[in-house]
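**Student:** Sending over a structure as structure tokens; questions will come in a sec.
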């Protein structure tokens, strides 16, 4: 079953092909993130650090789903992707809470 991106309506119709192409060009291995630059976890195998099965994802460096330029995309394992996105997600959650209180 394919992983569904958050906020699907912001992604281009051909996102599945774009994402798959990025993963194929990366050899189905994590490209390494700023926090874990040497990560090369392989899709479908146990992660060498966490032990969980790796599901390779495609990340937007600028957090903008509409920007699918190859230089804005990275093939990342969950550990790299979640670590990179953490501050962005925390800011969004805080904004949603503030909006709900208003």
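**Student:** Taking the options 88, 81, name whichever one is part of a helix (DSSP H, G or I) and touching a strand residue (DSSP E or B) at 6+ places or on another chain (Cβ under 6 Å).
**Tutor:** Working: 88 fails: touching a strand residue (DSSP E or B) at 6+ places or on another chain (Cβ under 6 Å).
Going through 88, 81 in turn, just one is part of a helix (DSSP H, G or I) and touching a strand residue (DSSP E or B) at 6+ places or on another chain (Cβ under 6 Å): 81.
**Student:** Of everything in the stretch 23-45 that's surrounded by 17 or more Cβ atoms within 10 Å (Cβ to Cβ) and touching a helix residue (DSSP H, G or I) at 6+ places or on another chain (Cβ under 6 Å), which residue is nearest to residue 84 (Cα to Cα)?
**Tutor:** First, pick out the residues of the stretch 23-45 that are surrounded by 17 or more Cβ atoms within 10 Å (Cβ to Cβ): 23, 26, 29-33, 36, 39, 41, 43.
Right, trim to touching a helix residue (DSSP H, G or I) at 6+ places or on another chain (Cβ under 6 Å) and you get 30, 33, 36, 39.
On the way: 30: 13, 33: 7, 36: 10, 39: 13 Å.
Checking each candidate, the answer is 33.
**Student:** Count, please, the residues in the stretch 49-63 that happen to be surrounded by 14 or more Cβ atoms within 10 Å (Cβ to Cβ), assigned to a loop (DSSP other than H, G, I, E, B) and without any contact (Cβ under 8 Å) to a residue 24 or more places away in the chain.
**Tutor:** 1
**Student:** Next question. Give the stretch 64-78 a look and list any residue that's surrounded by 12 or more Cβ atoms within 10 Å (Cβ to Cβ) and part of a helix (DSSP H, G or I), or say none.
**Tutor:** 72, 78
**Student:** Search the stretch 7-27 for residues being in contact (Cβ under 8 Å) with a residue 40 or more places away in the chain and in a loop (DSSP other than H, G, I, E, B), and hand back the single one that is farthest from the chain's Cα centre (by Cα).
**Tutor:** Checked the stretch 7-27; the qualifying residue farthest from the chain's Cα centre (by Cα) is 12.
Bear in mind that the values in this text are calculations on the coordinates, not laboratory data. What you see is a predicted model, and the numbers here were worked out from it, not measured in a lab. Cβ coordinates were reconstructed from backbone atoms using ideal geometry, including for glycine residues, and neighbour counts include every protein chain displayed.
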